[in-house]
Structures are given as C-alpha cells and as structure tokens.
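Chemist: My questions will all concern the structure given below.
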Amino acid sequence: MRGCAARAGRTATSAARPVEPAPSRWAFPPPDQADPSGLVGIGADLEPGTLLAAYRSGLFPMPLGLDGPLGWWSPDPRGVLPLDGLRVSRSLRRSCRRFEIRIDTCFDEVVAACASADRDGRWITPAIRAAYLRLHELGWAHSVEAWTPEGELAGGLYGVRIDRFFAGESMFHRRTDASKVALVGLVAWLREEGVELLDVQWTTPHLASLGAVDVPRPAYLAALRQALGVPT
C-alpha cells in the first residue's frame with residue numbers, strides 16, 4: 001500500500017495487548033518540581049516498569065551529555081503535535097507517494113539509525129537502545145518506517161504508546177523527506193487508533209514547521225491524564 005496509509009508489521013500493533021511489566025522500584029518527583037531546564041531527577045534505571053511510570057507521570061529519559069548520568073525531564077513548555085494540525089505541504093504529499101509506510105517491521109534497525117554517531121541521536125546509548133527494544137517486545141514501543149519501492153529503509157521514527165497517548169522519541173532519514181513521510185504515517189495511524197496526544201518533547205524549528213506547538217506544563221499534564229484515562 002503506497003502513500004501514507006500504514007501497514008502493520010509482524011509485531012505489536014493495536015491487535016496485540018501490551019504486557020504490563022513489573023512496577024518500578026523508583027518514585028519520581030512531581031513534574032512541577034523540575035528546574036528551569038526541565039530536569040526533574042537524576043538516576044533510577046531503564047527497566048520497562050520505570051519507563052512506563054515516567055511517561056505516565058509526564059516525564060521522559062535523556063542522559064545529561066554523551067557520557068553523563070540518566071536524567072528525567074519535564075520541559076515547560078512541552079512540545080506537542082496536534083493530530084489535526086499536521087502541516088503537509090504539496091511537496092511532502094508528493095514525497096508520500098514515493099514511499100511505503102510500515103509499522104513495527106524493523107524496530108531495532110530504526111532505533112539504531114536514530115542513534116547513529118553522525119547525527120544528533122548520539123544520546124541514544126546502547127543501554128537506551130536495549131531498554132526500548134524490551135518495551136517493544138512487550139508491545140509498548142513502536143516504529144513507523146518509510147520504505148522505498150526497492151525495499152530500502154529510507155527513514156523512520158520510534159516512540160511509546162500508552163492508551164491514547166504517544167511519546168515520539170527520535171526520527172531519522174536516509175532519503176529526502178523520508179522522516180517527514182514517516183511522521184505523516186504516524187499521525188494517520190494514531191488518528192485511526194483514536195490517540196489524542198502526540199508528545200514531541202521540545203518544539204524544534206523543524207517540528208514547528210510541521211505543526212508542533214508549545215503547551216504549558218499544566219495543560220500538557222491535564223491532556224496526558226485525559227489520554228491515559230486518569231480521573232482529574
């Protein structure tokens with residue numbers, strides 16, 4: 001299926017119920033205790049239960065520097081891409097016709113490409129890569145991939161889905177517009193699945209050009225609770 005419709009892969013999609021891991025042995029500080037940079041805490045681990053607890057609390061992990069300790073972040077404002085606000089230019093629509101979108105057919109390869117040393121994904125350490133692969137095997141982490149007609153992985157992204165919430169982690173491209181096409185495919189898939197909140201962490205100029213906006217932390221946390229079905 002060409003264009004920006006999504007084709008499910010061999011592993012977890014909405015047809016498979018994610019496996020809830022053992023709960024984390026760590027307790028996170030509230031997001032509103034973050035410092036001005038958005039840092040909430042340092043340490044803990046990357047066990048599946050810890051990662052899911054962090055996302056459910058409004059946090060996400062990222063090391064402090066290339067060799068630094070693990071940090072947990074809640075930036076204010078928070079980058080969000082409204083699912084009805086994606087900007088698809090005419091040139092991007094043409095690019096969509098050049099690729100096939102697949103979901104979860106090569107998750108580890110997508111994360112490895114995002115972690116390449118020649119791009120900004122160097123914060124994706126081997127430990128982080130292994131942690132998200134475990135989340136993927138449990139059905140929580142997903143990749144959206146853009147493939148050429150010749151069968152080449154041209155670009156993609158990965159992230160974590162919990163109920164009606166999706167946290168985008170990183171994206172890459174090997175062909176022009178391939179990562180943008182993967183994002184179009186992601187939004188189409190999430191809309192079909194009834195997802196309400198697409199978190200992109202920080203609103204970069206690149207993401208802003210595609211429709212991402214800044215949301216104050218209290219509004220983000222309220223939207224997160226709604227997407228997770230948590231009573232306010």
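Chemist: Go through T125, T50 for me and flag whichever is β-branched (V, I, T) and under 27 Å from Q226 (Cα atoms).
Modeler: Numbers: T125 fails: under 27 Å from Q226 (Cα atoms).
Selected residue: T50, the only one of T125, T50 that is β-branched (V, I, T) and under 27 Å from Q226 (Cα atoms).
Chemist: Suppose we filter the stretch 47-70 for residues that are touching a residue at least 60 places away in the same chain (Cβ under 8 Å), touching a Phe, Trp or Tyr at 6+ places or on another chain (Cβ under 6 Å) and under 18 Å from P218 (Cβ atoms); how many remain?
Modeler: Here the count works out to 1.
Chemist: If you check V111 against the conditions, is it in contact with a Phe, Trp or Tyr (Cβ under 9 Å, 6 or more places away or on another chain), modelled with pLDDT of 95 or more and more than 26 Å from D35 (Cβ to Cβ)? I'd like the intermediate steps shown before the answer.
Modeler: Working: in contact with a Phe, Trp or Tyr (Cβ under 9 Å, 6 or more places away or on another chain): yes; modelled with pLDDT of 95 or more: yes; more than 26 Å from D35 (Cβ to Cβ): yes.
Yes: the conditions hold for V111.
Chemist: What are the residues in the stretch 82-111 that are of a type outside the set (K, R) and either out of contact with any helix residue (DSSP H, G or I) (no Cβ under 7 Å at 6 or more places or on another chain) or without any contact (Cβ under 8 Å) to a residue 12 or more places away in the chain (or both), if any?
Modeler: Residues of the stretch 82-111 that are of a type outside the set (K, R), as a first pass: 82-86, 88-89, 91-92, 95-96, 99-101, 103-111.
Selection gives P82, D84, G85, S89, S91, E100, D104, T105, C106, E109, V110.
Chemist: While we're here: Have a look at T148, T125 and point out the one that is surrounded by fewer than 22 Cβ atoms within 10 Å (Cβ to Cβ), polar (S, T, N, Q) and modelled with pLDDT under 95. Spell out how you get there, then give the answer.
Modeler: On the way: T148 fails: modelled with pLDDT under 95.
After applying the criteria, what remains is T125.
Chemist: Conditions first: (1) within 21 Å of A182 (Cα to Cα); (2) surrounded by 17 or more Cβ atoms within 10 Å (Cβ to Cβ); (3) among the hydrophobic types (A, V, I, L, M, F, W, C). A112 passes all but one, so which condition is the exception?
Modeler: If we test A112 against (1) within 21 Å of A182 (Cα to Cα); (2) surrounded by 17 or more Cβ atoms within 10 Å (Cβ to Cβ); (3) among the hydrophobic types (A, V, I, L, M, F, W, C), just (2) comes out false.
The values are calculated or read from the model by the stated rules, or taken from the named source; none is laboratory data. Just so you know, these numbers come straight off a predicted model, no measurement behind them. Neighbour counts run over all protein chains shown; Cβ positions are idealised from the backbone, glycine included.
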